[in-house]
1. Sort out which residues of the stretch 31-58 are within 30 Å of D195 (Cα to Cα) and more than 16 Å from the ligand (Cβ to nearest atom), and write them in order of number.
2. In the stretch 182-205, what residues are farther than 21 Å from E83 by Cβ and either assigned by TED's automatic domain parsing to the domain that holds V41 or of a type outside the set (V, I, T) (or both)?
3. For S139, all conditions in the list (1) assigned to a helix (DSSP H, G or I); (2) free of Cβ contacts under 8 Å to residues at least 40 places away in the same chain hold save one; what is the number of the exception?
4. When you look at L172, is it within 18 Å of G114 (Cα to Cα), at pLDDT 95 or above, buried (at least 20 other Cβ atoms within 10 Å of the Cβ) and not basic (K, R), yes or no?
5. Please go through the stretch 143-154 and give me each residue that is touching a helix residue (DSSP H, G or I) at 6+ places or on another chain (Cβ under 8 Å) and free of Cβ contacts under 8 Å to residues at least 60 places away in the same chain, ordered by number.
6. Regarding E153, is this residue of a type outside the set (K, R), closer than 23 Å to F32 by Cβ and in a helix (DSSP H, G or I)?
7. Checking the structure you have, find out if any residue of the stretch 114-122 is farther than 18 Å from R155 by Cα and exposed (fewer than 13 other Cβ atoms within 10 Å of the Cβ).
Amino acid sequence: MARGTANFSSGSAKALIRLEPADVPRIQIDNFRCGREQCHVRFQAWSIMHVEISVALDRMKAIRCPKCKTNNVLLGEGRTLSEDRADRDAYFQGEREPGLTSRKNWWLEFGEKGSSSKFLFNMLSEIPDIRLAVPSDASDFRRCVLLLDLIPEWRDKLELRMAKAPDPWPELARNWDSLERTLRKESPDLDFFKDKPTSFGGMLQIVISSKKQ
Ligand SMILES: [Zn+2]
């Protein structure tokens, strides 16, 4: 499926191929992105859930980019920072300072979500029902950065609040600024089609593994 150079797969990929024979097959609309250079269009397509893995994979293989018709498609939107901001601007239509609740609702409905950014969102929103997830690569971290770009006032309480989360979140939060600086130096617009954030990946692994001994 993901034969492009960028990896945008999120938590929904795992849900898609999970075999749940007790359930009836279900159609789910997922976000995809064309993996072909010069196209990279974002689009939605339906997938099937709760079926044999081979059936779900056949459906995945049949998904084509609506613009260039390639089957080189990536699960997830892979939004760049400027695309995410443009999406928000289009939604809020020039509203100068949308309130926190409006922005949170926007994220819940339209934000690009993965399991680690959902965890971050829930911790910072003080939502008690939390399934632990940690950013394991640049794309996971990118989704967390998009969230903090939407809700910048959360940056101030990031370290304090995430200190209460399981490892390695406290360590991640303590090093957040330098991690983000490193990522944005390697990919200023978080455009992983264009850039390969290699130093960032190494740095993230160091921070995460520092709490595993
Ligand atoms: Zn295309």
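1. So the first thing to find is which residues in the stretch 31-58 are within 30 Å of D195 (Cα to Cα), and the list is 31-47, 57.
Those that are within 30 Å of D195 (Cα to Cα) and more than 16 Å from the ligand (Cβ to nearest atom): W46, S47, L57.
2. S199, G201, G202, M203, L204, Q205
3. (2)
4. Against the criterion (within 18 Å of G114 (Cα to Cα), at pLDDT 95 or above, buried (at least 20 other Cβ atoms within 10 Å of the Cβ) and not basic (K, R)), L172 qualifies.
5. Matches in the stretch 143-154: C144, L147, L148, I151, E153, W154.
6. Criteria not met by E153.
7. Checked the stretch 114-122: no residue is farther than 18 Å from R155 by Cα and exposed (fewer than 13 other Cβ atoms within 10 Å of the Cβ).
Quick grid of which residues meet (1) of a type in the set (F, W, Y); (2) within 11 Å of the chain's Cα centre (by Cα); (3) in the same structural domain as D167 (by TED's automatic domain parsing); (4) over 18 Å from A173 (Cβ atoms):
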{"residue": "M60", "(1), (2), (3), (4)": "no, no, no, yes"}
{"residue": "D87", "(1), (2), (3), (4)": "no, no, yes, yes"}
{"residue": "F92", "(1), (2), (3), (4)": "yes, no, yes, yes"}
{"residue": "T101", "(1), (2), (3), (4)": "no, no, yes, yes"}
{"residue": "G111", "(1), (2), (3), (4)": "no, yes, yes, yes"}
{"residue": "L120", "(1), (2), (3), (4)": "no, no, yes, no"}
{"residue": "L148", "(1), (2), (3), (4)": "no, no, yes, no"}
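The values are calculated or read from the model by the stated rules, or taken from the named source; none is laboratory data. Here the structure is a predicted model, which means the values were calculated and not measured. Counting neighbours? That spans all protein chains shown, and the Cβs are built from the backbone with ideal geometry, glycine included.
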